[in-house]
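Presented below is the structure to which this report refers.
Derivation of every value follows stated rules applied to the coordinates shown; laboratory data play no part. Values in this document were obtained by computation on a predicted structure and should not be read as measured data. Here the Cβ is made from the backbone with ideal geometry for all residues, glycine too, and neighbour counts use every protein chain on show.
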Amino acid sequence: MDIFLQQIINGLTLGSVYAIVALGYTMVYGIIQLINFAHGEVVMIGAMVAYSVIVALVGAGAPLPPLAIVLCGALAAIPVCMAVGFTLERVAYRPLRRAPRLAPLITAIGLSIILQHLAMIVWSRNPLPYPQVIQSVSYHVTGNPNGATITNVQIAIICMSVLLMAGLTTLVYRTKLGIAMRATAQNQQVAGLMGIDINKVIALTFVIAGGLGSVAGVMVGTYYGIAHYQMGFLLGLKAFSAAVLGGIGNLAGAMLGGLLLGIIEALGAGYVGDITDLCRFASWSDALAARCASGEHVVLFGSNYQDVFAFIVLIVVLVFRPSGLLGERVSDRA
Amino acid sequence: MTAGADATPLLALEGLSVAYGGIRAVKGIDLTVGRGELVCLIGANGAGKTTTLKGITGLQPVSGGRIRYDGADITGRPSFELVRRGLAMVPEGRGVFGGLTIEENLTMGAYTRRDRAGIAADVERVFALFPRLKERRRQTAGTLSGGEQQMLAMGRALMSRPRLLLLDEPSMGLAPLMVQKVFETVLRVSGEGVTILLIEQNAKLALEVAHRGYVMESGAITLAGDARQLLNDPAVRAAYLGEVRATP
């Protein structure tokens, strides 16, 4: 039970990050029906910029509380990622807005490669150790002293994500800009007739997605304590799977899909070893019985298969419910 | 015929051409709408009426000629700029935002305005004009019937307090009772001093409410004049009014 609870906590943390990244995919898809595959790289750049700032502040011995140092990193990363998002839209996607669907999709993949390599040039190809400025403190969730714990970093990540999601929901559903974004998503021509500058609204969507992505990058860096120029690739694909799981184009769907995917992944990683422990079949083979008797665990799939679950979910969703959990209609668009 | 003190027309098309690819759908037409006037542009399906409107509002690139609005050349201006100048359009097929509530749709109509109190008052005015919309203000527009959507589209266009209203086939696909309601509204809005360019396939109804009319055929204006004269013109009667089914 404690293992289960622990995996749920880990899953929620991871899922919060996926949800924030998935929101970036789903917002852009909602408004121009483009899967911005470079979004994972925007998250990576957020993590990298924050890394540089945090390292510089720590190196300079800045007399700041640990949380403030991380916040400074995030505050530096946000405008950079917003600028990256804005530039991607302006330079790469806007000229292709009337092009066949495949063109911007391939462009997105190309941009993702370009951004990765730019990051490699700037930050080297080595994994960068994130300075652990925030001392990790664990709190027991249950009365059991050996039971499930939650760390202060996990609490911060979950709270921050909830705040961001609440803020975005308010923006999209309560403000004039948000209504204009939804109007543009539904019918660009008519939105233009209302006096909405759709180019501005689309650019702003990329800017907001970039800002969210940068915060997610800082959270991932702080949580795993490591940043790497290729970290955006897998994270991006998983967040994309989360967006598809929830129903791409749907904000609530991205949040739900992200959290669910995080939990599925954590539970999968936590239990796949037990489920595929071959020792339960020890009676079938003498050799196996001998190995198991020596106390060795013969496991078919270990927790290193963690990354597989996101894609199993993606495949299952695409086969059985392509519109996602909250998606209303099956999209006929790529 | 012009109602305003200023004699220059509010809208003037000078040799306007609009092409789709290599096909010229509008072939150099001249058309004017005076201040306060209600002008209709009638013609068969595919004559180029909607394309003309799309050219005016920048939804379709203009391939030749000029569009003058209030003395200024607005040829090729993006559509979002025109609302600020007082030009609103109710597009063909109504174009309501189906996923937005009725209130949100109206808010979008007033997108360029900043006066909160004035906007709130105008929302109430639209609701007074179309009480059905008020009952359903928090429903999404996609749940409305075709006629209700047409009312919403017109109400939304009025929210920008336009000086010139372009209406594209407001009666299309509507039940006779709704058509009557739509035309009553057109007359009422016109009576309030809004200049209107009305595009209609229902030639009889359009000519009955309009001051002047233009007849369009294969991308060119073939007849123009006083609406009553056109209504009695033998050529118009044979070509367009013969096809019109019994009107309400």
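Which residue, B:Leu207, B:Leu187, B:Leu144, has the largest displacement toward the positive end of the dipole of the range B:134-241 when charges sit on each Cβ (Lys, Arg +1; Asp, Glu -1)? Toward the positive end, the furthest listed residue is B:Leu144. Peptides A:252-260, B:231-239 ranked from most to least packed give A:252-260, B:231-239, packing being the mean of other C-beta atoms within 10 angstrom over each peptide's residues.
For the range A:1-131, the relative contact order comes to 30 percent (Cα pairs under 8 Å, sequence separation of at least 6). Between A:Phe301 and A:Asn144, the modelled label-to-label distance comes to 2.5 nm, taking each label 7 Å out from Cα in the direction of the beta carbon.
Remark: chain A carries a charge dipole of roughly 1180 debye about the Cα centre, counting +1 on each Lys and Arg Cβ and -1 on each Asp and Glu Cβ.
Suppose every Lys and Arg Cβ carries +1 and every Asp and Glu Cβ carries -1, with no other charges. What dipole size does the protein assembly as shown come out with about its Cα centre, to the nearest 20 debye? Dipole of the protein assembly as shown, to the nearest 20 debye: 1060 debye. The order of the peptides A:286-295, B:121-130, B:98-107 by mean Cβ neighbours within 10 Å, most packed first, is B:98-107, B:121-130, A:286-295.
Averaged over residues, the count of other Cβ atoms within 10 Å places the peptides A:6-14, B:135-143 in the sequence A:6-14, B:135-143, highest first. For the range A:58-67, 3J(HN,Hα) computed residue by residue from phi via the Karplus equation (6.51, -1.76, 1.60; θ = phi - 60°) reads 5, x, 7, x, 4, x, 10, x, x, 4 Hz, glycine and proline entered as x. Oblate is the label for the range A:70-198, because the ratio a/c of its alpha-carbon gyration tensor axes (a ≥ b ≥ c) is 1.5 or higher and a/b is not greater than b/c.
Prolate is the label for the range A:126-199, because the ratio a/c of its alpha-carbon gyration tensor axes (a ≥ b ≥ c) is 1.5 or higher and a/b is greater than b/c. At an R0 of 22 angstrom, the distance between the Cβ atoms of B:Leu187 and B:Ala235 translates into a FRET efficiency of 0.25. Per residue, the average separation of C-alpha pairs within less than 8 Å and at least 6 apart gives the range B:1-83 a relative contact order of 34 percent.
For chain A, the 222 nm mean residue ellipticity estimated from helices alone, with every DSSP H stretch of n ≥ 4 adding -39500 (n - 2.57) and the total spread over all residues, rounds to -23000 deg cm²/dmol. Amide H to amide H distances under 5 Å link B:Gly64 with B:Ser17, where only residues 5 or more positions off or on other chains count and H is placed in the peptide plane. Rounded to the nearest 20 debye, the dipole magnitude of the range B:52-104 is 240 debye, with +1 charges on Lys and Arg beta carbons, -1 on Asp and Glu beta carbons, and the Cα centre as origin. Normalising the average separation of contacting C-alpha pairs (under 8 angstrom, six or more residues apart) by the number of residues puts the relative contact order of chain A at 33 percent. When shorter helices are ignored and each DSSP H run of at least 4 residues is given -39500 (n - 2.57), the per-residue value for chain B at 222 nm works out to -9500 deg cm²/dmol.
Measuring from each cysteine beta-carbon in the protein assembly as shown, the ones with no other cysteine beta-carbon under 4.7 angstrom are A:Cys72, A:Cys81, A:Cys159, B:Cys40.
Between B:Ala128 and A:Arg174, the distance separating the two model label sites (each 7 Å from Cα on the Cα→Cβ line) works out to 3.1 nm.
For B:Leu38, the amide hydrogen comes within under 5 Å of the amide hydrogens of B:Ile196, B:His211, B:Arg212, counting only partners 5 or more places away or on other chains and with H modelled in the peptide plane.
Shown is the FRET efficiency for B:Arg66 and B:Ser145, computed with R0 = 45 Å from the Cβ-Cβ distance and rounded to the nearest 0.05: 0.65. On the beta carbon distance between A:Leu318 and B:Ala7, with R0 = 41 Å, the FRET formula returns roughly 0.05. Taking amide H as placed 1.01 Å from N in the peptide plane, the amide H of B:Ile221 sits under 5 Å from that of B:Asp30, each at least 5 places away or on another chain.
Legend: mean number of C-beta atoms from other chains within 10 angstrom of residue C-beta atoms, peptide A:169-180, equals 2. Each label was represented as a point 7 Å from its Cα along the Cα-to-Cβ direction; for B:Tyr20 and A:Leu105 these points are 2.6 nm apart. Among the lysines, which have Cα under 29 Å from the Cα of B:Lys204 when same-chain residues fewer than 8 positions away are ignored? Answer for B:Lys204, where 29 Å is the Cα cut-off: B:Lys27, B:Lys49, B:Lys54, B:Lys181, listed by chain and number. Residues of the range A:292-322 with backbone nitrogen within less than 12 Å of a virtual label 7 Å along the Cα-to-Cβ line of A:Thr276, please, listed as ranges. The answer is A:299-309. Couplings 3J(HN,Hα) for the range B:48-59, derived from phi with the Karplus relation 6.51 cos²θ - 1.76 cosθ + 1.60 (θ = phi - 60°), are x, 5, 5, 4, 4, 5, 5, x, 4, 8, x, 7 Hz, where x marks Gly and Pro. Here the 3J(HN,Hα) profile of the range A:246-251, calculated from phi with Karplus coefficients 6.51, -1.76 and 1.60 at θ = phi - 60°, is x, x, 5, x, 10, 5 Hz, Gly and Pro shown as x. Helix B:146-158 and the longest principal axis of the Cα set of chain B meet at an angle near 90°.
Semi-axes of the equivalent ellipsoid for the protein assembly as shown, computed as √(5λ) from the eigenvalues of its C-alpha gyration tensor and ordered from largest down, come to 60, 25, 22 Å.
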